[in-house]
Amino acid sequence: MKVPFVSFLPMERELNEEIRGAFDRVFERSWYIEGKEDEAFEKAFAEYCGVPHCVGVGNGLDALFLALKALGIGEGDEVIVPSNTYIATALAVTYVGATPVFVEPDIRTFNIDPAKIEEKITSRTRAIMPVHLYGQPCDMDPIMDIAEKHKLYVVEDCAQAHGATYKGRKIGTFGDAAGFSFYPGKNLGALGDAGATITRDESLAQKVRALGNYGSDYKYHHVYLGNNSRLDEMQAAFLAAKLPHLDRMNAERRRIAGIYLEGIRNPLMTLPYVPTYAQPVWHIFGIRCDRRAELEKFLNDAGIGTNKHYPIPMHLQPCYQSLGFRQGDFPIAEEISATQLSLPMYYGMTEEQIQYVIGKVNEFQ
Ligand SMILES: *Cc1c(COP(=O)(O)O)cnc(C)c1O
């Protein structure tokens, strides 16, 4: 049996007509940038998240970068980010000219450890960027308390967690702003690159919009040295077609995760831990195993696709060599990088595929 790491096919077959309808509508209107589709999707996604403002942008990196830039974070500033995340979180900080300051995750949740944030705060710290990694909400109460105490902004990286809730409230609504990615493989994915910044703050939303549109407040009038990062009409129409299905598709991921958590009974594996405050959306189902390379080969040989999220922690990335870190500086992030393996997880996995993965993981000795 073959079980790919991810497949969009079941979702695409199901939404075929809606997605083609979206294409036809945009194509017939013949209007591709800054229009009705973008406006409609922004409104729908803001409503979905439970905030008044959503600004569509070009991708998830820009959603974070433009939020930091709009908050006025720049040269000489420091921003707290987890030591294990996708590179985009740290790059957003670097792009505004600030320095990412890494904080270790909790080994059980993979998310930033709130107890380790305060020791990294200096007079230059301006913001904390919690990442809801793998679709698991961060422990937001202590993070918000620290932010309030030290007067720091909070910009949530929600790229992997569309619809996840913390104590019943949607992630992305806790901080000053939040960035989403609609990269095709994300829980809500476009058919190309796309992203969005959400916020409760109207003037911040306007600034993000202006910054992503050449710094322009009205046509040919440029207040800021802006960027070109807009959500195009075609992607907005695809996203609007898919959004009404997001909760159902997240529920299906949750069901698959439940079967994995029940069925995997191998003492060599550490399964994901779900705190009582969290309702995750399982962008990734990540286990840990000390003999990861052997497990990976065993599963791949059995036709099961796997992935590693992520094999190199931020402080050891060649592009961040100038920060001067060495192996051993962030032992928990390094441990996760060395042992984490992601199992197949996508909408439309069949019962046979789920059981086959469980059987093979249990068979590994
Ligand atoms: C995917 C991702 C991003 C970046 O999104 P893009 O749309 O690829 O730019 C940022 N942060 C995290 C945690 C991600 O997984």
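The values are calculated or read from the model by the stated rules, or taken from the named source; none is laboratory data. On a predicted model such as this, the values are computed, not experimentally measured, just so you know. Methodologically, a virtual Cβ is constructed for each residue, glycine included, from the backbone with ideal geometry; neighbour enumeration extends over all protein chains shown. Protein only, heavy atoms only, side chains kept; ligands, DNA and RNA dropped before computing areas. Shrake-Rupley method; radii C 1.70, N 1.55, O 1.52, S 1.80 Å.
Yes or no, residue by residue, for (1) in a loop (DSSP other than H, G, I, E, B); (2) open to solvent by 20 Å² or more (accessible area, probe 1.4 Å); (3) within 14 Å of the ligand (Cβ to nearest atom):
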| residue | (1), (2), (3) |
| --- | --- |
| 155 | no, no, yes |
| 162 | yes, no, yes |
| 178 | no, no, yes |
| 184 | yes, yes, yes |
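I'd like to know if the stretch 92-107 contains one or more residues that are in contact (Cβ under 8 Å) with a residue 40 or more places away in the chain, closer than 23 Å to residue 333 by Cα and near the ligand (Cβ under 9 Å from one of its atoms).
yes
So which residues in the stretch 1-22 are open to solvent by less than 40 Å² (accessible area, probe 1.4 Å) and over 27 Å from the mean Cα position of the chain (by Cα), if there are any at all?
Of everything in the stretch 1-22, just one residue is open to solvent by less than 40 Å² (accessible area, probe 1.4 Å) and over 27 Å from the mean Cα position of the chain (by Cα), namely 21.
Looking at this structure, is residue 172 more than 10 Å from the ligand (Cβ to nearest atom) and surrounded by fewer than 24 Cβ atoms within 10 Å (Cβ to Cβ)? Talk me through it step by step, then tell me what you get.
Numbers: more than 10 Å from the ligand (Cβ to nearest atom): yes; surrounded by fewer than 24 Cβ atoms within 10 Å (Cβ to Cβ): no.
It is false that residue 172 is more than 10 Å from the ligand (Cβ to nearest atom) and surrounded by fewer than 24 Cβ atoms within 10 Å (Cβ to Cβ).
So that you can scan it fast, the table gives a plain yes or no per residue for (1) in contact with a Gly (Cβ under 7 Å, 6 or more places away or on another chain); (2) not acidic (Asp, Glu):
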residue: 125; (1), (2): no, yes
residue: 134; (1), (2): yes, yes
residue: 144; (1), (2): no, yes
residue: 162; (1), (2): no, yes
residue: 173; (1), (2): yes, yes
residue: 177; (1), (2): no, yes
residue: 180; (1), (2): yes, yes
residue: 193; (1), (2): yes, no
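Go through the stretch 195-227 and give me each residue that's polar (S, T, N, Q) and under 19 Å from residue 41 (Cβ atoms).
Selection gives 197, 199, 206, 213.
Looking at 297, 242, which one is within 16 Å of the ligand (Cβ to nearest atom), not hydroxyl-bearing (Ser, Thr, Tyr) and not in a loop (DSSP other than H, G, I, E, B)?
Among 297, 242, only 242 is within 16 Å of the ligand (Cβ to nearest atom), not hydroxyl-bearing (Ser, Thr, Tyr) and not in a loop (DSSP other than H, G, I, E, B).
Yes/no matrix, rows are residues, columns are (1) of a type outside the set (D, E, K, R); (2) at pLDDT below 95; (3) surrounded by fewer than 21 Cβ atoms within 10 Å (Cβ to Cβ); (4) out of contact with any Pro (no Cβ under 7 Å at 6 or more places or on another chain):
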site	(1), (2), (3), (4)
205	yes, no, no, yes
214	yes, no, yes, yes
224	yes, no, yes, yes
228	yes, no, yes, yes
263	yes, no, yes, yes
286	yes, no, no, no
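Yes or no: residue 190 modelled with pLDDT of 95 or more, within 11 Å of the ligand (Cβ to nearest atom) and either under 15 Å from residue 57 (Cβ atoms) or open to solvent by 20 Å² or more (accessible area, probe 1.4 Å) (or both)?
Criteria met by residue 190.
A quick yes/no check of all residues on (1) in contact (Cβ under 8 Å) with a residue 24 or more places away in the chain; (2) in a helix (DSSP H, G or I):
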site: 311; (1), (2): yes, no
site: 315; (1), (2): yes, yes
site: 321; (1), (2): no, yes
site: 328; (1), (2): no, no
site: 335; (1), (2): yes, yes
site: 338; (1), (2): yes, yes
site: 342; (1), (2): yes, no
site: 347; (1), (2): yes, no
site: 353; (1), (2): yes, yes
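Any idea which of (1) among the charged types (D, E, K, R); (2) assigned to a helix (DSSP H, G or I); (3) open to solvent by 70 Å² or more (accessible area, probe 1.4 Å) is the one residue 108 doesn't satisfy?
(2)
One line per residue, one yes/no per condition, for (1) surrounded by 23 or more Cβ atoms within 10 Å (Cβ to Cβ); (2) part of a loop (DSSP other than H, G, I, E, B):
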| residue | (1), (2) |
| --- | --- |
| 24 | no, no |
| 41 | yes, no |
| 47 | no, no |
| 55 | yes, no |
| 65 | yes, no |
| 68 | yes, no |
| 72 | no, yes |
| 76 | no, yes |
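Return the residue satisfying two criteria in turn: it lies in the stretch 120-143 and is surrounded by 17 or more Cβ atoms within 10 Å (Cβ to Cβ) and closer than 20 Å to residue 70 by Cβ, and of such residues it is nearest to the chain's Cα centre (by Cα).
This residue is 131.
So if I check each of 74, 50, 21, 58, which one is at positive phi and touching a residue at least 12 places away in the same chain (Cβ under 8 Å)?
Going through 74, 50, 21, 58 in turn, just one is at positive phi and touching a residue at least 12 places away in the same chain (Cβ under 8 Å): 50.
Any idea which residue in the stretch 78-87 is nearest to the ligand (Cβ to nearest atom), counting only those that are open to solvent by 20 Å² or more (accessible area, probe 1.4 Å) and not charged (D, E, K, R)?
The residue in question is 86.
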